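The structure under discussion appears below in the form of structure tokens.
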Amino acid sequence: MLGVQRQLCVKPTNLGNLNVSPLGLQQHSQDGWAQQINAKPSHNAPSRFGFSVSIDGDVMVVGAYTENSSATGVNGQPGPMNASGSGAAYVFVKEEGEWDQTAYLKASRTRSNMRFGFSVAVGGDFVVVGARDEHGTASGLNGNPCAQNATSAGAAYAFLLDPGCPADINYDGVIDADDFMQFLQWYAAGDFRADLTNDCVIDADDFFEFLARFASGC
């Protein structure tokens, strides 16, 4: 089920500077409410961390829609901080009673003021992050994200919680000729799913990137 489970109450623990406040997670029992975690992002910078929150079982996603890092994708380096208001989301997983950050999420192509993390949802194997002010002119699924002249059109990004092997692009659990042929089809068609280097150009660099992933296995 998407959204915050009923037995949990999420509130900031510091009502001072809400740009950098931690996220307090409390759990209700017969004895009342008790704080369970005091979550902070892996790098501390003004970001409105906790503006959006979604919990499903032992997985929690927290949005920080004014985070400024120019990082891209999953677990990128969080600096430099030169993409004002690009936004981010953070995944926490509960194991043996403890919540730990397991992923730092950014858009595949980070732009300033896209507000990635303005909304978040987690359910089953997927995390979905909304970017309220993304400017892409693409439509539908996996369109060209590089044309950026539709002001505040907005976008949503889906992430697999357990993506498996990087070269298993058809997600069947096996790296084989089917994955290779799928990539070649994307590459030949100019499909931006083949832009593995995220530079808005489908070229030999992407082909060699896929070969490296394919050769590395799992």
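Taking the options Tyr187, Tyr171, name whichever one is assigned to a helix (DSSP H, G or I) and hydroxyl-bearing (Ser, Thr, Tyr). Break it down into steps so the answer makes sense when it comes.
Numbers: Tyr171 fails: assigned to a helix (DSSP H, G or I).
The unique qualifying residue is Tyr187.
Residue under question is Phe208, and the condition is that it be touching a residue at least 12 places away in the same chain (Cβ under 8 Å) and either outside any loop (DSSP other than H, G, I, E, B) or farther than 21 Å from Ala103 by Cβ (or both); does it hold?
Judged against the criteria, Phe208 is not a match.
Need a quick list: strands (runs of 3 or more DSSP E) entirely within region 76-147 having at least 2 residues that are under 28 Å from Tyr187 (Cα atoms), among the hydrophobic types (A, V, I, L, M, F, W, C) and in contact (Cβ under 8 Å) with a residue 40 or more places away in the chain.
Output list reads 126-131.
Bear in mind these aren't lab numbers, they're just calculated from the coordinates by the rules spelled out. Keep in mind the model is a prediction, meaning the values are calculated, not measured. Because the Cβ atoms are built from the backbone with ideal geometry, glycine has one as well, and the counts that use them run over all protein chains shown.
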